[in-house]
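All remarks here apply to the structure that follows.
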Amino acid sequence: MKNNLGFVGFIAIIFLTFGITYLDFDNLNFGDNYKAYVMLIVGILLFSFVLYGRKKNSNN
């Protein structure tokens, strides 16, 4: 089993990193932080897609 996440996993980590970085923790309103929340949601979706694919491949 290989340990790398591939290109999609790398992009997911980048989205998560920038989403957390751009999030204003003093003011968590969605209207003020919508870009950060969108990046976090996309990062979580991509990362779950990668983990699901790895689990599916390990069962076969």
## Note on the structure
In the chain the accessible area split gives carbon plus sulfur, as whole percent at 1.4 Å, a share of 67 percent
### Query
So what does Leu40 come to for accessible area, using a 1.4 Å probe and Å² rounded to 10?
30 Å²
### Task
Could you work out the longest stretch of the chain that avoids the chymotrypsin sites (Phe, Trp or Tyr not before Pro) located in DSSP loops with at most 12 other Cβ atoms within 10 Å?
31-60
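The values are calculated or read from the model by the stated rules, or taken from the named source; none is laboratory data. None of these values were measured; they are calculated from a predicted model. Note that each Cβ is placed from the backbone with ideal geometry, even for glycine, and that neighbours are counted across all protein chains shown. In case anyone asks, the SASA skips ligands and DNA or RNA and just uses the protein heavy atoms, side chains included. Shrake-Rupley method; radii C 1.70, N 1.55, O 1.52, S 1.80 Å.
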